[in-house]
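Shown next, in structure tokens, is the structure this report addresses.
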Amino acid sequence: MADGLVQAVATAALAVLGDNRGWLRLLLTATFVGVGFIVTTTSGLSDAEQGMANGVATMSQQVGITMGTPVVGAVVTAHAGTSADRNVILDGISTAVLLDAALVLPAALFLRPRPPV
């Protein structure tokens, strides 16, 4: 479950990005922390379980990207419409990123490890 929380926090941090280079540090930090979710996914597992856990985490990330990109794009488009105003577009992107982070949390709760038999 910690892996999903790490991913959700890293994603939510991106909602406050602005439109100038000053926000690059936050972008790089959030991206770096987001990559750390693989580490939290596999920590504490036996050597025999490491490969499977890494594979499931990577697959879930790829499915999330494949399904999430059109959803995020649709949210931004619905919010900004045909506006060319930079602030309206950024607000739509922030809304979409927060939605993305909110969708990670239920997945984190659903994909928690089973207790040993």
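What follows draws every value from the coordinates through simple rules; no lab data is involved. What you are looking at is a predicted structure, and each value in this text was computed from that prediction instead of being measured. Every residue, glycine as well, gets a Cβ built from its backbone with ideal geometry; the counts of neighbours run over all protein chains shown.
Taking 0.36 nm per residue of sequence separation and subtracting the Cα-Cα distance, how much length would be gained by fully extending the chain between Val88 and Leu5, in nm to one decimal? Each step should come with its number before you reach the end.
Values: separation 83, 0.36 × 83 = 29.88 nm, distance 2.85 nm.
Using 0.36 nm per residue and subtracting the Cα-Cα distance, I get 27.0 nm.
At a Förster radius of 22 Å, what calculated FRET efficiency corresponds to the Cβ-Cβ distance of Leu105 and Leu26, to the nearest 0.05?
On the way: r = 21 Å, r/R0 = 0.94.
It comes to 0.60.
Wrap a convex hull around the Cα atoms of the chain, take a quarter of its surface area, and give that in square nanometres.
Taking a quarter of the hull surface, the average projection is 7.9 nm².
If each DSSP helix of 4+ residues adds -39,500 (n - 2.57) and the sum is divided by the residues in the chain, what number results at 222 nm, nearest 500 deg cm²/dmol?
Numbers: 5 runs with 89 residues, N = 117.
-25500 deg cm²/dmol, from helical runs alone.
If R0 is 25 Å, what FRET efficiency do you get for Ala78 and Ser43 from their C-beta distance, rounded to 0.05? If you can, show how the numbers build up before the last one.
Values: r = 38 Å, r/R0 = 1.54.
That gives a FRET efficiency of 0.05.
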